[in-house]
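What follows is a single structure, written as structure tokens, with notes after it.
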Amino acid sequence: MSRPSPAVRTVLVTGASQGIGRACVDAFAARGWNVVATMRTPGEHAELARAGEDGRGGAVAVERLDVTDAASIESAFAAAVARFGAVDCVVNNAGYGLTGVFETMGEAQVARQVDTNLLGVLRVCRVAIAHMRPRRRGTIVNVTSMGGRLAFPLYSVYHATKFAVEGFSESLAYELAPLGLRVRIAEPGPVRTAFYGASMDHEAGAGLEEYADYTSRAMLKLNAAGAGGTSAEHVARVIVRAAESRGRRLRWPTDHRARTLIWLARVLPHPVLAALVRRSVA
């Protein structure tokens, strides 16, 4: 199989079956990138695959990648290289939200959240770095959340993973810069995706009535924020800009709400910020 012109860049996107990941497939392809759209069940989304337009890039390949399975990550990168010659950018988007009462969360629930949202990012980054380092170029975009910079109730373990990815990414950026590799952090606010629905794992605190009233009221408000959030397409366009940027900017809040709340978390005394958060879910 002939390989594309080296002028055509290639991006590998995890969690590309829906939401932000799916929007990234279209946004990068529209900019002329070749896209490796990865997901756990590629057979269900074969329609994403398409040839490039007039040989100028924009081709989309669909590959299996489960961030909890190291072998599948290696296989997806190997397939990407075989198809397109190299991977110039990785968008670590795969993840989901575990919400609800921490006290009643099972060990397996917590482990699955950490394995997917945190360890999955580390696994993909390790393979991406090994691929990019010899070429001394490449960009890693880790999708966190404004929830990696400030916290809301009933998202404790989710926040733990996103705060961790923020710190990991910031440190990684320092060590990869001398090698010519860039790290970006995309920080969405509420987004209108299945994150607030089918993709969410919710622990309601069964058997502990003390939590019932607060949990029902708070989750109603938090889910309403998602319904009024920005679009996945908007977030994807910001991620493309981050990937294409040649500068040193690390963090990329993707929308006005994320920028505002992250700024407030940075400048307000914590008691004031906490009062605002409590009021928002009352």
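Taken together, the values in this text are just the output of simple stated rules run on the coordinates, not laboratory data. Quantities reported herein were computed from a predicted structural model and do not represent experimental measurements. All Cβ positions, glycine included, derive from the backbone under ideal geometry; neighbour counts span all protein chains shown.
Structure summary
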read-out	value
Cβ-Cβ FRET estimate between residue 174 and residue 208, R0 fixed at 45 Å, reported to 0.05	0.55
FRET efficiency estimate (nearest 0.05) - Cβ-Cβ, residue 259 to residue 281, R0 22 angstrom	0.60
Pairwise centroid distance, computed over Cα atoms, of region 6-78 with region 133-201, Å	19 Å
GNM result for the chain, Cα springs below 10 Å: residue of 100, 229, 167 fluctuating most strongly	167
Other-chain or far-sequence residues with amide H under 5 Å of residue 203's (modelled H)	99, 100, 101
Angle in degrees between helix 270-280 and the longest Cα principal axis of the chain, rounded to the nearest 10	90 degrees
For peptides 268-274, 21-27, sequence by mean Cβ density within 10 Å, most packed first	21-27, 268-274
Between 0 and 90°, nearest 10: helix 256-267 axis offset from the chain longest Cα axis	60 degrees
Sites residue 50 and residue 268 - FRET efficiency at Förster radius 35 Å, r taken between beta-carbons, to 0.05	0.15
Computed [θ] at 222 nm, helices only, for the chain once each DSSP H run of length n ≥ 4 contributes -39500 (n - 2.57)	-13500 deg cm²/dmol
For residue 63, distant residues with modelled amide H under 5 Å away	37, 38, 39
